[in-house]
Each structure stands twice: as C-alpha cells, then as structure tokens.
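Accompanying notes for the structure given below.
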Amino acid sequence: EDQVTQSPEALRLQEGESSSLNCSYTVSGLRGLFWYRQDPGKGPEFLFTLYSAGEEKEKERLKATLTKKESFLHITAPKPEDSATYLCAVQAAGTASKLTFGTGTRLQVTL
Amino acid sequence: KAGVTQTPRYLIKTRGQQVTLSCSPISGHRSVSWYQQTPGQGLQFLFEYFSETQRNKGNFPGRFSGRQFSNSRSEMNVSTLELGDSALYLCASSGLAGGLETQYFGPGTRLLVL
C-alpha cells in the first residue's frame, strides 16, 4: 500500500528563517509527487509536480526536490503570508488520478 | 479560466439522513476526483470519474457513491449519514500541467452531521 509521511507535523519560523519540510514515501511505481498548499477553510492549492529522482522545481521562496525515497520543500526567507499547511501526495503508476496524501506540515511564520 | 466550484459550501444534517454534493470541474477537464478530509485521517481518496465512468475507488463503504454527467459535472451522495461522516469534502478536476495530469481542488463542502 502506498504511504506518505510528512515531518515535522508543525513548524514555527521567524520571518527570514529558512527551513525544509520533509515528505518520505513508499509507492509501487512513482508516477508523480505533488506539493500543495492549503489555507484554513480552503481547498489545496497546487504548487509543484516532480517526476523523477534528482528533479527540482522552484517558485518564489519555495524549492521542491525529489529523491527515490523522499522529497523536500525548502522555504527560503519565509514571510508571514507563507503560513499554511503544506501537503505532499504521490500518484502511483496504474492508479489513474488517485493521490495518496500525507497529513501535512502546519507552517507558521511570525514577524 | 474559472476554477473548480462546489456546492453547497456548508451543510448541516442529522444522523440517518442522506446528502448530495455537487462539483463543477474546470472547463475542458474530464476527470473528477473526490476526497474526504478530516483532522484525524487527512485527505482520503473516495473515487474518480472520467467520461461518466468510475475509474478508481477508495476504501469507503457503499454508503458513499458518485456519478458524473455528460458535461463532466459530478455529484457524490452519502446515504444513512453517521457522525463520523462530518468532514470537508473536496472535489478535484484533472488537467495537464507539465506533461502529467494535475489535480486542481475546489474550496470544498463542509458537512456537519449531528
């Protein structure tokens, strides 16, 4: 069975204090790994898709990387507006559009 | 392009009742997936529809069902509601982004079962 584990569960950073969120996974044939951001009371917002080990994607202060066993979401010089829950999900080969999600990392960025 | 829309946004029901939730995908998207989100279990896959056919199903009881119409709009139904069905129900439609189908989520329907 496909599994996704995210750590830490919660993270509190000061503005400008860089850090990384971890997503480790086990999946039978990775088709893609996805990162989403979710604000309270809203649906997840798509951030990145990674397909293969060694791949990296960047968007503003966020950078996602992928290895054969885990993915990292690096947040550089975060701002309070980066506060949200960050969700990682995997799609296995042959499962159509089914995503298996981790339970997320709640990030709070303070002034 | 308009995003995924879900109606209603909030719903309160009592145990034993049934409920129908609606989802309109992004224009041009033919796949619609449904997820249940609870604080304890996170996001869990319910089912996926593509061109009016259920293509994949998660591990939920038969009380949870869905359908898709020819215009790709989808509905999910939960019969004989239980307290544990209280959750945020999310719909996602799939479209190509960088070569792989990517799911774009709606705002969700928050269901409270009393």
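The numbered conditions (1) without any contact (Cβ under 8 Å) to a residue 60 or more places away in the chain; (2) more than 22 Å from A:A93 (Cα to Cα); (3) part of a loop (DSSP other than H, G, I, E, B) are all true for B:T20 except (3). For region A:90-111, a residue qualifies if it is within 10 Å of another protein chain (Cβ to nearest Cβ) and buried (at least 18 other Cβ atoms within 10 Å of the Cβ), and the qualifying residues are A:Q91, A:T95, A:S97, A:K98, A:L99, A:T100, A:F101, A:G102, A:T103, A:G104. Across region B:69-104, the qualifying residues are those that are out of contact with any Asp or Glu (no Cβ under 9 Å at 6 or more places or on another chain), under 17 Å from B:Q6 (Cβ atoms) and in a loop (DSSP other than H, G, I, E, B), and the one among them that is farthest from the other protein chains (Cβ to nearest Cβ) is B:N71. Applying the condition of being more than 11 Å from every other protein chain (Cβ to nearest Cβ) and of a type in the set (S, T, N, Q) to region A:53-89 and asking which residue is surrounded by the most Cβ atoms within 10 Å (Cβ to Cβ) yields A:S71. Residue by residue through region B:56-68, note down the ones that are crowded, with 17+ Cβ neighbours inside 10 Å and either modelled with pLDDT under 95 or facing chain A (nearest Cβ under 8 Å) (or both). Scanning region B:56-68 gives a single hit, B:N56. Here is the figure for region B:16-55: residues that are small (G, A, S) and within 13 Å of chain A (Cβ to nearest Cβ) total 5. Scanning region B:86-112 for residues that are without any contact (Cβ under 8 Å) to a residue 40 or more places away in the chain and surrounded by 19 or more Cβ atoms within 10 Å (Cβ to Cβ) turns up just one, B:T102.
Could we say that A:Y25 is in a strand (DSSP E or B) and under 19 Å from B:G108 (Cβ atoms) here? Judged against the criteria, A:Y25 is not a match. Has region A:78-96 got any residue that is closer than 22 Å to B:N56 by Cα, without any contact (Cβ under 8 Å) to a residue 60 or more places away in the chain and of a type in the set (A, V, I, L, M)? There is at least one residue in region A:78-96 that is closer than 22 Å to B:N56 by Cα, without any contact (Cβ under 8 Å) to a residue 60 or more places away in the chain and of a type in the set (A, V, I, L, M). In the set B:V113, B:V32, B:V78, only one residue is farther than 18 Å from A:F34 by Cα and in contact with a Ser or Thr (Cβ under 6 Å, 6 or more places away or on another chain); that residue is B:V113.
Taking region A:32-41 as the range and being surrounded by 15 or more Cβ atoms within 10 Å (Cβ to Cβ) and within 9 Å of chain B (Cβ to nearest Cβ) as the test, the residues that pass are A:G32, A:F34, A:Y36, A:Q38.
The values are calculated or read from the model by the stated rules, or taken from the named source; none is laboratory data. This one's a predicted model, so the numbers in the text were calculated from it and none came from an experiment. Here Cβ is always computed from backbone atoms with ideal geometry, including for glycine, and neighbour counts include all displayed protein chains.
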